[in-house]
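Report on the following structure.
The values are calculated or read from the model by the stated rules, or taken from the named source; none is laboratory data. As the structure is a computational prediction, the values presented were derived from the model and not from experiment. A quick note on method: Cβ atoms are made from the backbone with ideal geometry, for glycine too, and the neighbour counts reach across all protein chains shown. The accessibility values were calculated without ligands, DNA or RNA, using every heavy atom of the protein model including side chains. Shrake-Rupley method; radii C 1.70, N 1.55, O 1.52, S 1.80 Å.
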Amino acid sequence: MSASTGEWVAKVVRAVRAELVDLPLAVIQNWPGRMGNVLRVAYWRRRCRSVGRNFRVEPGVTILGPEWVSFGDDVWLDRGVVLVAGPVSDSAR
């Protein structure tokens, strides 16, 4: 195997690994029914800053920057919701 072939293989392996990291979220994000809701709630409870009681997440919800998001009690994120969060800069205030 030549050096260029080895580099190409290494790039492919890195790309596949990067995609496999997102695979569990892709499955959980779109899993239907009660089991899907249980999986999504458990996933987002671990990823978000805080999540209150009676948290419900419908299929297809996307949260970018979950470490910056806090949810109170009785929150329901309906299908297709996209939340984008991040730190607030001083210039934005």
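General observations
- Only helices enter this figure: runs of n ≥ 4 DSSP H residues, each worth -39500 (n - 2.57), summed and divided by the residues of the chain, yield -16000 deg cm²/dmol at 222 nm to the nearest 500.
- Listed values for segment 8-19 are Karplus-derived 3J(HN,Hα) couplings in whole Hz (6.51 cos²θ - 1.76 cosθ + 1.60, θ = phi - 60°), namely 5, 4, 4, 5, 5, 4, 5, 5, 5, 4, 4, 6, and x replaces Gly and Pro.
- Pairs of Cα atoms nearer than 8 Å and 6+ residues apart set the relative contact order; for the chain it is 21 percent.
- Coupling constants for segment 34-44 follow from the phi torsions by the Karplus curve (6.51 cos²θ - 1.76 cosθ + 1.60, θ = phi - 60°), and in residue order they are 4, 4, x, 5, 4, 5, 5, 4, 4, 4, 6 Hz; glycine and proline get x.
- Only one residue of Asn37, Pro59, Val13 has its Cα farthest out toward the positive end of the dipole of the chain, where Lys and Arg carry +1 and Asp and Glu -1 on Cβ, and that residue is Asn37.
- Structure-derived Rg and Dmax of the Cα atoms in Å - corresponding label in (1) 17.9, 59; (2) 12.6, 42; (3) 18.9, 63: (1)
- All other residues whose Cβ lies under 13 angstrom from that of Pro24 are scored, Lys and Arg at +1 and Asp and Glu at -1, for a net of +1.
- Accessible surface, segment 20-71, averaged per residue in Å² (probe 1.4 Å): 62
- Cleavage-rule hits, trypsin sites (Lys or Arg not before Pro), segment 1-85, DSSP coil, Cβ neighbours within 10 Å at most 15: Arg49, Arg53, Arg79
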